Amino acid sequence: MSRTNRLLDLLQLLRNRTTPVTGPDLAAELGISIRTLYRDIATLQAQGADVVGEPGLGYVLRPGFTLPPLMFSADEIEAIVLGSRWVAARADDSRLSQSAKQALSKITAVLPKDLRERAEATNLLVARMGPPPASVDAGLIRLAVRDERKLIITYADLDGRETERTIWPFLIGFFEQARIVGGWCELRQDFRHFRIDRITRLETTEIRYPRRRAEMLKAWRAQNNISPPT
């Protein structure tokens, strides 16, 4: 492995960790000596990577340092293209769909010529079949999730009976046949899941819900025995 690739691998290992990782653990994952690891840490710091820590305590990479896009592998390029195309084709929110197209355009614009051609010529396609259309603006739900604001919705059950709910939305699930917003329901005093295509009315509010989104997501996962994504 070249030194450049080793440094990039070290950066990637640090980016994947949210807590400090010791030098011996990093050296073992990279298959290098601890002395080489310390030299590589110093090199990254000299090049602007905000790696903090010291021998014996562990290291962590603070947010803000990004890998140059030209270092994407062929498989990573295909994953980015496929994911962006999926969102562009399957999102029921025109703004999200357009944003996926713009993001892919920005990425390909800064790629080296060979990788840009690979991205443009990939044969990984996404079908445009999707869930039933929504009668409300899904972008407003995404904004409420992002800003941790309460939503007032009118929701229709399978028999068409409607109820008004005030919910604290904290996630949106994208499935083949439906889009689901998960939130705390004040009416039921519990976590509930609502199909977006069955929300017949949506009212945004400026009221922040009292729990943090990350805290609710953690509690929801524990209640439903769902492990965090790896």
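The values are calculated or read from the model by the stated rules, or taken from the named source; none is laboratory data. Keep in mind that what you see is a predicted model, and the values were worked out from it rather than measured. Cβ: placed from backbone, ideal geometry, glycine included. Neighbour counts: every protein chain shown. Heavy atoms of the whole protein, side chains included, go into the accessibility calculation; ligands, DNA and RNA do not. Shrake-Rupley method; radii C 1.70, N 1.55, O 1.52, S 1.80 Å.
The calculated FRET efficiency for L158 paired with R208, based on their beta-carbon distance and R0 = 45 Å, is about 0.90. Each semi-axis of the equivalent ellipsoid for the chain is √(5λ) with λ an eigenvalue of the Cα gyration tensor; in descending order they amount to 41, 25, 14 Å. Taking amide H as placed 1.01 Å from N in the peptide plane, E148 has no amide H partner under 5 Å among residues 5 or more places away or on another chain. Karplus-based coupling profile of the stretch 30-46, in residue order and whole Hz: 8, x, 10, 6, 5, 5, 5, 4, 5, 5, 5, 4, 5, 5, 4, 5, 5, with θ = phi - 60° in 6.51 cos²θ - 1.76 cosθ + 1.60 and x standing for Gly or Pro.
Note on K150: lysines with a C-alpha under 22 Å away, same-chain residues under 8 apart excluded, are K218. In the chain, the calculated helix contribution to ellipticity at 222 nm averages -13500 deg cm²/dmol per residue, counting -39,500 (n - 2.57) for every DSSP H run with n ≥ 4. Per residue, the accessible area of the chain comes to 60 Å², computed with a 1.4 Å probe over protein heavy atoms only. Working note: Karplus 6.51/-1.76/1.60 with θ = phi - 60° gives the stretch 193-209 the couplings 10, 10, 5, 5, 6, 9, 7, 8, 8, 9, 10, 7, 10, 9, 8, 6, 6 Hz, where Gly and Pro are set to x.
Taking trypsin sites (Lys or Arg not before Pro) in DSSP loop states with no more than 16 other Cβ atoms inside 10 Å as exposed sites, the chain has its longest site-free stretch at 18-127. Couplings 3J(HN,Hα) for the stretch 183-190, derived from phi with the Karplus relation 6.51 cos²θ - 1.76 cosθ + 1.60 (θ = phi - 60°), are x, 7, 9, 5, 5, 8, 6, 6 Hz, where x marks Gly and Pro.
Can you give the angle from 0 to 90° between the axis of helix 74-90 and the longest principal axis of the chain, with both taken from C-alpha atoms, to the nearest 10? Approximately 10 degrees, to the nearest 10. Surface composition of the chain: carbon plus sulfur atoms contribute 52% of the solvent-accessible area (1.4 Å probe, protein chains only, all chains present).
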